[in-house]
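The values are calculated or read from the model by the stated rules, or taken from the named source; none is laboratory data. In this text the structure is predicted, and so the values were computed from the model without any measurement. Note that we place each Cβ from the backbone using ideal geometry, even for glycine, and neighbour counts take in every protein chain shown. Just so you know, the surface numbers come from the protein's heavy atoms only, side chains and all, with ligands and any DNA or RNA stripped out. Shrake-Rupley method; radii C 1.70, N 1.55, O 1.52, S 1.80 Å.
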Amino acid sequence: ESIYRQARKKLHGCQGPRLKILRRTELQLIWNKYIITRQYIIDAFTDKVFHGNPAAICILEQWPSGELMLNMAVENNLSETAFAVKKGGSYHLRWFTPGGEINLCGHATLACAYVILNFHEKEAAKVVFQTLSGDLAVERH
């Protein structure tokens, strides 16, 4: 059983509605030197928990393998799991479904921007993502 699955079982049902966060799961995963310090489950397009469109968000210091990202998406079993790595003044963003990587996902992009603007760069007015579909910018309102 993977360390990821073990951690998820221990934290299953951990809820803490805060702003628009469904679950803020604290995971310390070490897998081939890649550390994911937090995974967020965000409900996009709503202000109520268990409504809207959920996405898992992982903010990373460096890229893990595509296989690991796919395995995490499968484990999450949500329509999308987004992975972001900061490079310079923007973030590189990739989206995975349980079936594989996809080129674009609107609600997971907005969820990722929400996490970055509320937990990582609280003073920023906007975040820019570099993606397979081009640059995407999300501004705080």
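Residue under question is residue 139, and the condition is that it be touching a strand residue (DSSP E or B) at 6+ places or on another chain (Cβ under 9 Å), over 18 Å from residue 38 (Cβ atoms) and either open to solvent by 30 Å² or more (accessible area, probe 1.4 Å) or among the small types (Gly, Ala, Ser) (or both); does it hold? So residue 139 fits the description; yes. Of all residues in the range 79-102, exactly one satisfies the criterion of being among the aromatic types (Phe, Trp, Tyr) and touching a Pro at 6+ places or on another chain (Cβ under 9 Å), namely 83.
Can you tell me which residue is surrounded by the fewest Cβ atoms within 10 Å (Cβ to Cβ) among those in the range 102-136 that are part of a strand (DSSP E or B) and touching a helix residue (DSSP H, G or I) at 6+ places or on another chain (Cβ under 7 Å)?
Top of the filtered list is 136.
Is it the case, given these coordinates, that residue 76 is open to solvent by less than 30 Å² (accessible area, probe 1.4 Å) and farther than 19 Å from residue 133 by Cα? Against the criterion (open to solvent by less than 30 Å² (accessible area, probe 1.4 Å) and farther than 19 Å from residue 133 by Cα), residue 76 qualifies.
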